[in-house]
Structures are given as structure tokens and as C-alpha cells.
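Participant: Questions regarding the structure given below will be posed in turn.
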Amino acid sequence: MATQMFEGKGHAAVYQKYRFAPGKELQQTILTYLQEKRANPAELVVDVGCGSGQGTRFLGEHFKKVVGTDISEAQIQEARDAPSLPGISYLVCPAEELPFKDASVGVLTSFTAAHWFDIEKFMREANRVLKPGGCVAISTYTVDMSVRYGNCSDELTKVFRECWDLILKHSHDRLKLVLDDYKKIFEALPFPDKKRITDIFDNIPMTVASVVGYMESASPYQVFLKKDPEAAKSLLRDTEKRMLEIMGVSSAETPVEFWVRHVCVLGCKGQ
Ligand SMILES: C[S@@+](CC[C@H](N)C(=O)[O-])C[C@H]1O[C@@H](n2cnc3c(N)ncnc32)[C@H](O)[C@@H]1O
């Protein structure tokens, strides 16, 4: 069954504000694969579970026609309201019932979303809508993250991880697929020509405020917030305070390096 965790308007707004676009290494990994497989240029690219459009906008820079799809109206509204490119459009629909004709899609992507789908049904849909020779790129960032700043990166990362671990206690069962580096998602992809890359590292330029905002946008934090609003809010407040103290700065807008590890499942449908 599909799992809906991103329905609230407040959550979608936090999402738009703090979720980052795919990093350069992940972008390059996907683009290089699509070139190798001659899937670029593709006439139609579909980004499934596009949320507020971070990955869709990256695709729009490289492809003429990109459709972002998401089950959440609030997320799609955020995506439509954001500055965009002419070839990009958005649709509200479940990943398990994509409103595209058989063999009509050149490339199908999903960024940090596939673990929420009914995997079996989604893979069937991917297989149905993709053209022969069409490709998929299904990625996620993992929970392996670190924060770097001057000579206090270790201490900063420790504080970040302490907070992150407390938030992750409220994780949905589906996050096991992420903890497992998308192994099950890779296995479920019904194409013999496929690979899974688990060591894509990206430096996402952030500030202390946006690292804290990123944690706020995470679905387990939103679960925590519903269960115990005061505890959830004070955890983030304290974490930001501790990070600033360690860095010896007063502004939460101070830039830091936020390092993430991505996993990407790539595959090509046979002719
Ligand atoms: C963690 S967000 C990722 C959003 C965006 N791709 C990004 O990289 O930031 C997961 C998204 O998947 C969407 N989603 C969850 N289940 C879905 C389903 N069954 N069909 C389509 N979208 C779904 C959610 O509404 C949410 O916007």
C-alpha cells in the first residue's frame, strides 16, 4: 500500500524551504548513465514523488519536457508556486498509477521518494510506461550525513547525529529500505540491465539554520512534532544553540558544509 506522510501544507512549505536539490555528484552519476545508455535526449522525463520539485527542476535544465508527479496536492502546489523552467509541469497522481501511455516515457526518476511507494506496483508501472531502451534512476540520500566547519567538524557532526538519532526513533518502517541502501528496491527493478551505486558523496552548501531546517523537514521529525510538540521543538532549538556554540559564532546563517551520501539505482529497459 502507498504511504502518505507529506500531506500537510505546513510540512510541504518547510519542505520547499529546506529540501536541497540533488548534489552535483548525484546529478553527474545520473546524466553520465543516461548518456552511456543513449537515453539522453529523451522526449519525456517523469520524476515520480517529486515533492516540491527539487529534482524536477534539475531535470528541467537537461531535458525539454519533464513532468513531476506526486501523490500530495500540497507538495505539488509548492512545486507549481516555485520559479520554474518552461518545459516543466506537475501532476497529482500516485506512483502506482501513472497517467502516461504504455511505452511513452524515455526516463523515469525518483529522488528520495521510492521507499514510500508500493514497490511492486510502482515497478510494474515503470515497466509499462517506459519505452524500450528507456531508463530509470531511483535515488535517495542516506542517513550518513556530516556537518563540516573549520576545525570543529567532528564535534559538530556529533551534535548533529545525536539530534538526528533522536529524530530517527520516530521513523516509519519504510525507512528500513533506505537503511538497507535501497537493496530491496534494486532487487525489485525488473530489468536485467541494472546497477546500484552506494557511494555517491555530495557537499551541499548549507547554513546552520538550513541544517536544522532540513531535520525539521524530515518525516520522522513531523511524527515526533505531532506526538510531543514541545520536546520536538526544544530538541531543534537546543541543537542549533549547541552548534553555534561549538562554532563560536552567533548567526544561524553562518555557512557550513553538509555532506550526504546518496544511493542510486540505475536501470535500462531492454529493446
Ligand atoms: C521525501 S519526499 C521527496 C521529494 C523530492 N523528490 C525531493 O527529492 O526532495 C517524498 C515524496 O514522495 C511523495 N509520495 C509518497 N508516496 C507516494 C506515492 N505513493 N505516489 C506518489 N508520491 C508519493 C510524498 O508526497 C513526498 O512528496
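The values are calculated or read from the model by the stated rules, or taken from the named source; none is laboratory data. These numbers were taken from a predicted model, which means no experiment stands behind them. FYI the Cβ positions are ideal-geometry reconstructions off the backbone, even for glycines, and counts take in every protein chain you see. Just so you know, the surface numbers come from the protein's heavy atoms only, side chains and all, with ligands and any DNA or RNA stripped out. Shrake-Rupley method; radii C 1.70, N 1.55, O 1.52, S 1.80 Å.
Participant: Within region 252-271, track down each residue that is over 18 Å from Ser146 (Cα atoms) and assigned to a loop (DSSP other than H, G, I, E, B).
Facilitator: Lys269, Gly270, Gln271
Participant: Take Gly133 and decide whether it is farther than 23 Å from Lys24 by Cα, open to solvent by less than 40 Å² (accessible area, probe 1.4 Å), more than 9 Å from the ligand (Cβ to nearest atom) and in a strand (DSSP E or B).
Facilitator: yes
Participant: If you don't mind, there's one more thing I want to ask. With Arg242, Arg174 as the choices, which residue is in contact with a Ser or Thr (Cβ under 9 Å, 6 or more places away or on another chain) and open to solvent by 10 Å² or more (accessible area, probe 1.4 Å)?
Facilitator: Exactly one residue qualifies, and that residue is Arg174.
Participant: Kindly check whether there is at least one residue in region 92-114 that is of a type outside the set (Lys, Arg), within 13 Å of the chain's Cα centre (by Cα) and in a loop (DSSP other than H, G, I, E, B).
Facilitator: yes
Participant: For Leu85, which of the numbered conditions (1) open to solvent by 40 Å² or more (accessible area, probe 1.4 Å); (2) outside any loop (DSSP other than H, G, I, E, B); (3) without any contact (Cβ under 8 Å) to a residue 60 or more places away in the chain fails to hold?
Facilitator: (2)
Participant: Ok, one more. Restricting to region 186-236, and then to whatever is at pLDDT 95 or above and of a type in the set (Asp, Glu), can you tell me which residue is nearest to Trp259 (Cα to Cα)?
Facilitator: Asp202
Participant: Checking Ile76 against (1) over 19 Å from Lys269 (Cβ atoms); (2) more than 17 Å from the chain's Cα centre (by Cα), which single condition isn't satisfied?
Facilitator: (2)
Participant: Please verify whether region 18-34 includes one or more residues that are free of Cβ contacts under 8 Å to residues at least 24 places away in the same chain and part of a helix (DSSP H, G or I).
Facilitator: yes
Participant: Still on this structure: How many residues does region 96-119 contain that are within 7 Å of the ligand (Cβ to nearest atom) and open to solvent by 10 Å² or more (accessible area, probe 1.4 Å)?
Facilitator: Matching residues across region 96-119 total 6.
Participant: Shifting gears a bit: Collect the residues in region 48-78 that are in a helix (DSSP H, G or I), free of Cβ contacts under 8 Å to residues at least 60 places away in the same chain, within 9 Å of the ligand (Cβ to nearest atom) and surrounded by 24 or more Cβ atoms within 10 Å (Cβ to Cβ), keeping them in residue-number order.
Facilitator: Matches in region 48-78: Gly55, Thr56.
Participant: Now a separate question. Going by what's in this entry, would Glu125 be described as among the charged types (D, E, K, R), in contact with a helix residue (DSSP H, G or I) (Cβ under 7 Å, 6 or more places away or on another chain), under 23 Å from Val178 (Cα atoms) and open to solvent by 10 Å² or more (accessible area, probe 1.4 Å)?
Facilitator: no
Participant: What about Val92, is it within 15 Å of the ligand (Cβ to nearest atom), aliphatic (A, V, I, L, M) and surrounded by 15 or more Cβ atoms within 10 Å (Cβ to Cβ)?
Facilitator: No, not satisfied.
Participant: Can you confirm whether region 206-223 contains a residue that is assigned to a strand (DSSP E or B) and either touching a Ser or Thr at 6+ places or on another chain (Cβ under 7 Å) or open to solvent by less than 30 Å² (accessible area, probe 1.4 Å) (or both)?
Facilitator: Yes, region 206-223 contains at least one residue that is assigned to a strand (DSSP E or B) and either touching a Ser or Thr at 6+ places or on another chain (Cβ under 7 Å) or open to solvent by less than 30 Å² (accessible area, probe 1.4 Å) (or both).
Participant: Does region 142-193 hold any residues that are touching an Asp or Glu at 6+ places or on another chain (Cβ under 8 Å) and assigned to a strand (DSSP E or B), and which are they?
Facilitator: Passing the criteria: Thr142, Val147, Arg148.
Participant: Sticking with this structure for a sec: Say whether the condition of being in a helix (DSSP H, G or I), of a type in the set (D, E, K, R) and farther than 19 Å from Thr112 by Cβ is met by at least one residue in region 242-251.
Facilitator: Looking through region 242-251, at least one residue is in a helix (DSSP H, G or I), of a type in the set (D, E, K, R) and farther than 19 Å from Thr112 by Cβ.
Participant: Further question: Within region 244-266, is there a residue that is more than 17 Å from the chain's Cα centre (by Cα) and under 28 Å from Ile138 (Cβ atoms)?
Facilitator: yes
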